[in-house]
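For reference, the structure discussed in these notes is given below.
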Amino acid sequence: MKLFNRLAIFVAALLLPQVGIANQTVQLYTVDYPPYSLIDDKGAISGIDVEVTQAAFAAVGINADIQTAPWKRILKSIRHGRMAGTVTCSKRAGRDQFILFSDVLSEANQSAVMRLDRSDDDIVNFEDLREVSVSVVDGWGIQKELQQAGIAHSVVPDVDSGIRSLIYRNVDVFYNAGLVTNYRARKLGLQDEIKIKRLKGMHSTQYHLCLSKAYPKAEVLLEKFNEGLRLIKSNGQYQAIYDRYL
């Protein structure tokens, strides 16, 4: 009997971290970053990372409700545990102090976006951006790359503004993920006016589900998400989501 009681206590201890996790709803936040996350004129949210995140959580019995908010507010709220987390989030210096990172959710290649009629002979490496006028989305992780390298740049509020800055303003390069920029340029009808060049030696940026370390049971949520992500990759659901968008 004593052995049975000890076994029961041991099993309960293993299950305790998961109490309140299954069948719950976790609210996450994102910004418009197509095709990873898309926010239409009516506020409906979709996109590759949005659908993958929801599918991964659903595979382990958790509902993911994804809302939108400004990026700076998202990061500040995650730091203080006021939000559970965000999708399409990259590892940057200092973020690991308040963020738990999931397994890789998706990837992007940061590129130099230019007008079609502009020669790109002078843009080969990241360091070449020092010699041209550059714009980047304000507050995003890739802006940190420019700041840390000491590369002067202007900022725009979103990807669409970055594309327009090339065509209608005196900007040589919009520094952004190629896939994201190409998707938005097609939506704007400007895909034939730009070209995208991957910079030599630049590595892909990996995106993750990022959870606040200060959020209750964040570590358990992260484990469940990673489990769900493995499940949907093995059963083909992950690839099916990509196929619908690309």
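Quick one: is residue 94 farther than 30 Å from residue 234 by Cβ and at pLDDT below 95? Outline the logic, then answer.
Details: farther than 30 Å from residue 234 by Cβ: yes; at pLDDT below 95: yes.
Considered against the rule, which asks whether it is farther than 30 Å from residue 234 by Cβ and at pLDDT below 95, residue 94 comes out as yes.
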Notebook entry, point to check: Does residue 155 meet the test of being without any contact (Cβ under 8 Å) to a residue 24 or more places away in the chain, of a type outside the set (Ser, Thr, Tyr), more than 30 Å from residue 237 (Cα to Cα) and in a strand (DSSP E or B)?
Noted result: yes
Next item on the list: Check whether at least one residue in region 147-158 is surrounded by fewer than 20 Cβ atoms within 10 Å (Cβ to Cβ) and within 17 Å of the chain's Cα centre (by Cα), and report yes or no.
Entry: yes
Notebook entry, point to check: Here are 96, 121: which of them is more than 27 Å from residue 55 (Cα to Cα) and either over 14 Å from the mean Cα position of the chain (by Cα) or not polar (S, T, N, Q) (or both)?
Noted result: 121
Next item on the list: Can you work out which of the residues in region 205-233 that are outside any helix (DSSP H, G or I) and touching a Ser or Thr at 6+ places or on another chain (Cβ under 6 Å) is nearest to residue 58 (Cα to Cα)?
Entry: 209
Check: Restricting the search to region 114-146, which residues are exposed (fewer than 14 other Cβ atoms within 10 Å of the Cβ) and in contact with a strand residue (DSSP E or B) (Cβ under 6 Å, 6 or more places away or on another chain)?
Finding: 116, 124, 125
Margin query: Cβ-Cβ distance below 9 Å, separation of 6 or more or different chains: which pairs start in region 207-218 with a residue that is closer than 19 Å to residue 33 by Cα and among the aliphatic types (A, V, I, L, M) and end on one that is open to solvent by 60 Å² or more (accessible area, probe 1.4 Å) and outside any loop (DSSP other than H, G, I, E, B)?
Written below: 211/219
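For a quick check of your reading: which strands (runs of 3 or more DSSP E) sit entirely within region 24-104 and have at least 3 residues that are more than 25 Å from residue 244 (Cα to Cα)?
Numbers: elements: 25-30, 63-68, 85-90, 99-101.
By residue number, 99-101.
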Check: Mind checking which residues of region 234-246 are part of a helix (DSSP H, G or I), modelled with pLDDT of 95 or more and open to solvent by 50 Å² or more (accessible area, probe 1.4 Å)?
Finding: 234, 237, 239
Next item on the list: Among residues belonging to region 168-204 that are hydroxyl-bearing (Ser, Thr, Tyr) and either open to solvent by 60 Å² or more (accessible area, probe 1.4 Å) or part of a strand (DSSP E or B) (or both), point out the one that is nearest to residue 116 (Cα to Cα).
Entry: 168
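To keep it simple, each residue is scored yes or no on (1) open to solvent by 70 Å² or more (accessible area, probe 1.4 Å); (2) more than 15 Å from residue 218 (Cα to Cα); (3) at pLDDT 95 or above.
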| site | (1), (2), (3) |
| --- | --- |
| 24 | no, no, no |
| 42 | yes, yes, no |
| 59 | no, yes, yes |
| 64 | no, no, yes |
| 98 | no, no, yes |
| 101 | no, no, yes |
| 108 | no, yes, no |
Note to self: Tell me whether region 132-141 contains one or more residues that are farther than 27 Å from residue 246 by Cβ, at pLDDT below 90, not small (Gly, Ala, Ser) and not in a strand (DSSP E or B).
What the structure shows: no
Check: Which condition number in (1) crowded, with 20+ Cβ neighbours inside 10 Å; (2) at pLDDT 95 or above; (3) small (Gly, Ala, Ser); (4) more than 14 Å from the chain's Cα centre (by Cα) is the one that residue 165 fails?
Finding: (2)
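The values are calculated or read from the model by the stated rules, or taken from the named source; none is laboratory data. None of the values given here were measured: they were computed from a predicted structure. FYI the Cβ positions are ideal-geometry reconstructions off the backbone, even for glycines, and counts take in every protein chain you see. Each accessible area value is taken on the protein alone, full model and side chains, heavy atoms only, with ligands, DNA and RNA left out. Shrake-Rupley method; radii C 1.70, N 1.55, O 1.52, S 1.80 Å.
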